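Readers should treat all values here as calculations from the given coordinates under stated rules, not as data from a laboratory. None of the values given here were measured: they were computed from a predicted structure.
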């Protein structure tokens, strides 16, 4: 089955503590159905000091469920569903809201 969301897509969070935030997918974890989105789902990671690292508290992005994300419509930036169609013998993704091509 083709992926509706891919690395580099601009997405909107539709559920959870970060609802309404926008960001770009930096990493996909397809086996778990999760993605890492820049600026979304920030956590505090406590690092122990070592010979190479001073330690301390680091803020980083954690993975978020794909079901809590929707792709941004290329036309107006609103959240939209993703559809597939064939153009010139090639399968492409399009935004259901506006009909605009997402990749292509």
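Some observations on this one:
- Length gained on full extension, residue 101 to residue 58: 11.7 nm, using 0.36 nm per residue less the C-alpha separation.
- Between 88, 18, 73, the Gaussian network model of the chain with springs among Cα atoms under 10 angstrom shows the greatest mean-square fluctuation at 88.
- Between 53, 41, 68, the Gaussian network model of the chain with springs among Cα atoms under 10 angstrom shows the greatest mean-square fluctuation at 53.
- Kirkwood Rh, angstrom, the range 45-104 [1 / mean 1/r, Cα pairs]: 14.9 Å
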